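*Asks:* If you scroll down you'll find the structure; I have some questions about it.
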Amino acid sequence: MKGLQPMDRWILSKFSRVVRNATAYYEAYQFDRAMREVEDFAWHEYADHYLEMVKHRTREGDDGVRFTLYTITLGVAKLLAPLMPHVTEDIYQENFLELDGARSIHVSSWPEEVLVSEEDEKKGDLIKEVISAIRAWKAEKGMPLNREVELIELIGPSAVELQGYENDVLETSRAKELKIVVEADMEEEVAALKPVKAAIGPTFKQKGKEIMDLLASLDPAVAGPAVEKGELVLTLGDGSSVTLDKRYVEVQRKLTLEGKAVDTLQVRDVLIAISP
């Protein structure tokens, strides 16, 4: 089939394996295993991932995605027909009768393998995990999944192998820009100093508030390294001084890429840098 995109080949290869395995289970009268094989694929690969990835393509008259959606949706219905005869018959009569040509799903041809490609499955599985990680990151941040981010950068030797899948990541993750590189020059900067109130209060008592006010006035980039060395000295209003270390101050850091603050995620050996 011409026009298939990489993620079409990924899901069609997954589907072909399901056809092979489910058919073998049916022939061995292992109906529970056949059902589980088809259901796991339909829910956890096809619906949860592939359909989310190709939503944007369904609006573009894309022949590859049309072929894939038709083939797999009809194929799943046929694979479930022996176990769910009535609902699959309704699905067939409503959506596939004219194109497939049989008078009933129960006398139609059995699904066949379309293609099997270990390479497409390997790369597609990695893309699936990358996109899932980015979507999970958005959820943790309380961001709508359709909110755009400025930049996503995939870093590492395995990331370079994903060239050709850029549009799938861009559209599904809603990124304005995507880069794929072997290496990236990221820097770590001190972003903030956070007083550990549970330690400052009991130790310094009435001086605690003044200490926290002084901490708030400091440049984190200058004071942070001193805290980490246990050498941050503050002079108080009464002329006394206190020395603070990491017991009393949490040094919060941020990563920057090309001068922009980024969050990072790790998927296998691929580092994902996201600039919100």
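*Asks:* Within the set of pairs 6 or more residues apart or between chains, which connect a residue that is closer than 19 Å to L51 by Cα inside region 73-89 to a residue that is in a helix (DSSP H, G or I) and of a type in the set (D, E) with Cβ atoms less than 8 Å apart?
*Replies:* Between residues of region 73-89 that are closer than 19 Å to L51 by Cα and residues that are in a helix (DSSP H, G or I) and of a type in the set (D, E), the close pairs are L74/D100.
*Asks:* Turning to a different aspect of this structure: Residue by residue through region 239-276, note down the ones that are under 21 Å from K197 (Cβ atoms) and surrounded by fewer than 17 Cβ atoms within 10 Å (Cβ to Cβ). Reasoning before the result, please.
*Replies:* Step one: list which residues in region 239-276 are under 21 Å from K197 (Cβ atoms), which gives 240-253.
S240, S241, T243, D245, K246, R247, E250, Q252, R253, listed by residue number.
*Asks:* With under 27 Å from Y26 (Cα atoms), surrounded by 15 or more Cβ atoms within 10 Å (Cβ to Cβ) and among the charged types (D, E, K, R) as the only criterion, which of E121, E153, E94, E112 stands out? Steps first, answer last, please.
*Replies:* On the way: E153 fails: under 27 Å from Y26 (Cα atoms); E94 fails: surrounded by 15 or more Cβ atoms within 10 Å (Cβ to Cβ); E112 fails: surrounded by 15 or more Cβ atoms within 10 Å (Cβ to Cβ).
Step by step, each of E121, E153, E94, E112 is checked, and only E121 is under 27 Å from Y26 (Cα atoms), surrounded by 15 or more Cβ atoms within 10 Å (Cβ to Cβ) and among the charged types (D, E, K, R).
*Asks:* Here are some conditions: (1) in a helix (DSSP H, G or I); (2) over 27 Å from the mean Cα position of the chain (by Cα); (3) among the hydrophobic types (A, V, I, L, M, F, W, C). L51 meets all but one. Which one does it not meet?
*Replies:* (2)
*Asks:* Scan region 40-65 residue by residue and report those that are surrounded by 15 or more Cβ atoms within 10 Å (Cβ to Cβ), modelled with pLDDT of 95 or more and charged (D, E, K, R).
*Replies:* E45
The values are calculated or read from the model by the stated rules, or taken from the named source; none is laboratory data. Since the structure is predicted, the reported quantities are computational estimates derived from the model, not experimental observations. Cβ atoms come from the backbone with ideal geometry, glycine included; neighbour counts cover every protein chain shown.
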